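Q: Before anything else, here's the structure in question.
The values are calculated or read from the model by the stated rules, or taken from the named source; none is laboratory data. In this text, all values refer to a predicted model and were calculated from it rather than measured experimentally. Counting neighbours? That spans all protein chains shown, and the Cβs are built from the backbone with ideal geometry, glycine included.
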Amino acid sequence: MSKIKFDLEIKFGTQYGKEEEEAVLKVLRNNAPTSGDECIKFEKNYAEYSGVKHARVVSNGSSALFLAMMGVGIKPGNRVLTTPVTWIATAAAPVTLGAEVDFVDIDLETYNIDVNQIEAHVTSNTKAIIPVHLYGQPCEMDEIMAISKKYNLSVVEDAAHAIGAEYKGKKVGSFGAAGCFSFHEQKNISTLGEGGIVLTNDDAMFEKISLYRSHCTRVHGNSTKYCKLDEEKFPIGKKFWWQDFDDCGYNFRMTDIQAAVGIEQLKKVDMLNQRRIDNAAYITEGLKDVPGLTLPKVRPYNKHVFHLYPIIIDPKEFGMNKEDFIYDLLNKFGIKAGFHYIPLHYSTAFKNRGFKKGQFPNAEKLGEQLVTLPINPRQTEEALAYLVQSIKDLRS
Ligand SMILES: Cc1ncc(COP(=O)(O)O)c(C=O)c1O
């Protein structure tokens, strides 16, 4: 395999600096606890940044989605709507709670769920919808919120790709019952390779998420850190405490070292996103006249944060299909592109649940023709020029 040139691969989405290094060492010298003061501070800062009341840090974006589905009460027999073009974690969250997923095809301009097709999928068992702000472009939230109100559906936003993205001036993750983010190594900011957060404005939902995140532990006594006091049994001032478990939950906690890095990353997120936006603009300008390529279209009211840069390749006009494009880009030019995503209804997991090829034609077109180009805030102008020229050279 050729050597990757200029950091041009879909890996390691963010950039760490001295601040993150110092934050890690500070927590390390303080015994590197789990779920301590750094987590609380990161949650407070993230909630403020997003304009929501509560935030709870978790081990990853998948556990964020799972807890949010629990939080809105998803259970066996319920149906949850989402897009087939996403990472499996989105659809796995309701399925692992015993619910059924129903996919709604995508809109071919934004690649997000097609809001005009949602209502046709609503049944009396439909309880929730998970819009995914794919590649960093927000979904049509006005329409999604109106439909959810009409049919009494809970909205859980999958904002794994869209840290810092905005719809009509409002941060994604703040619209629905809950917003879920991932800080995996490829995401726009990261907490040392893994991490996630759930946002909500709902007090009861926040309590449920917090409990199930950590074995449903309720500490009684005079520890006020995470739990309410049971003042009748142990008056404030006494040093006793005991713990009880409201139910059987999970361990989806984040560590303080990760949260300390998250605090520093969050200070930089707008700057890092701006670099992505500028890099995307450079690629768009460079490729706009290349026949056979469809480049991303940003809705004017959206702040798209370009977690990925998707292009559609028309094999006839461009002269090669997606597979050859990816192969040649890597082997001739040392650039590693990706294909996010093969539609979920092609997977064994969802074929076994009754889905078939032909059900979602737009998602299928993406599966056949979409390539995601490497984009990150570290890319230099030289790297971007090389990326653009290599794609042009592929065609000739
Ligand atoms: C759209 C989407 N949702 C959820 C997740 C799950 O996040 P994590 O990998 O942090 O569990 C991902 C991860 O790539 C994702 O891309």
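Q: Which residues, counting only those in the stretch 384-396, are touching a helix residue (DSSP H, G or I) at 6+ places or on another chain (Cβ under 9 Å) and either modelled with pLDDT under 95 or surrounded by 15 or more Cβ atoms within 10 Å (Cβ to Cβ) (or both)?
A: Leu384, Tyr386, Leu387, Val388, Ser390, Ile391, Leu394, Arg395 - these are the residues of the stretch 384-396 that are touching a helix residue (DSSP H, G or I) at 6+ places or on another chain (Cβ under 9 Å) and either modelled with pLDDT under 95 or surrounded by 15 or more Cβ atoms within 10 Å (Cβ to Cβ) (or both).
Q: Could I ask something else about it? Do you know which residues across the stretch 56-70 are buried (at least 24 other Cβ atoms within 10 Å of the Cβ) and either of a type in the set (A, V, I, L, M, F, W, C) or more than 15 Å from the ligand (Cβ to nearest atom) (or both)?
A: Narrowing the stretch 56-70 to residues buried (at least 24 other Cβ atoms within 10 Å of the Cβ): 56-58, 61, 63-69.
Those that are buried (at least 24 other Cβ atoms within 10 Å of the Cβ) and either of a type in the set (A, V, I, L, M, F, W, C) or more than 15 Å from the ligand (Cβ to nearest atom) (or both): Val57, Val58, Ala64, Leu65, Phe66, Leu67, Ala68, Met69.
Q: From Glu185, Glu232, Glu207, grab the single residue that is within 16 Å of the ligand (Cβ to nearest atom) and either modelled with pLDDT under 95 or acidic (Asp, Glu) (or both).
A: On inspection, the qualifying residue turns out to be Glu185.
Rundown of residues vs (1) among the charged types (D, E, K, R); (2) surrounded by fewer than 23 Cβ atoms within 10 Å (Cβ to Cβ), yes/no style:
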position: His133; (1), (2): no, no
position: Glu140; (1), (2): yes, yes
position: Ala160; (1), (2): no, no
position: Gly164; (1), (2): no, no
position: Gly169; (1), (2): no, yes
position: Gly173; (1), (2): no, no
position: Ala177; (1), (2): no, yes
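Q: While we're looking at this one, here's another question. I'd like the full set of residues that are over 21 Å from Gly358 (Cα atoms), among the polar types (S, T, N, Q) and within 13 Å of the ligand (Cβ to nearest atom), limited to the stretch 78-95.
A: Thr90
Q: Anything in the stretch 364-389 that is closer than 26 Å to Glu185 by Cα and in a helix (DSSP H, G or I)? List them, or say none.
A: Hits for the stretch 364-389 are Leu366, Gly367, Gln369, Glu381, Glu382, Ala383, Leu384, Ala385, Tyr386, Leu387, Val388.
Q: Further question on the same structure: So how many residues does the stretch 273-291 have that are in contact (Cβ under 8 Å) with a residue 12 or more places away in the chain and surrounded by fewer than 21 Cβ atoms within 10 Å (Cβ to Cβ)?
A: Qualifying residue count, the stretch 273-291: 8.
Q: What are the residues in the stretch 161-176 that are part of a loop (DSSP other than H, G, I, E, B) and under 28 Å from Lys11 (Cα atoms), if any?
A: Passing the criteria: His161, Ala162, Ile163, Gly164, Ala165, Val172, Gly173, Ser174.
Q: What are the pairs, 6+ residues apart or on separate chains, where a residue within the stretch 155-171 that is in contact (Cβ under 8 Å) with a residue 24 or more places away in the chain and of a type in the set (Phe, Trp, Tyr) has its Cβ under 9 Å from a residue that is assigned to a strand (DSSP E or B) and more than 15 Å from the ligand (Cβ to nearest atom)?
A: Partner pairs satisfying both residue conditions: Tyr167/Asn302; Tyr167/Lys303.
Q: Please indicate, with yes or no, whether at least one residue in the stretch 32-54 is within 16 Å of the ligand (Cβ to nearest atom) and within 30 Å of Ala120 (Cβ to Cβ).
A: No, that holds for no residue.
Q: Also: Could you grab me the full set of residues in the stretch 121-137 that are under 14 Å from Leu153 (Cα atoms) and out of contact with any strand residue (DSSP E or B) (no Cβ under 8 Å at 6 or more places or on another chain)?
A: Ser124
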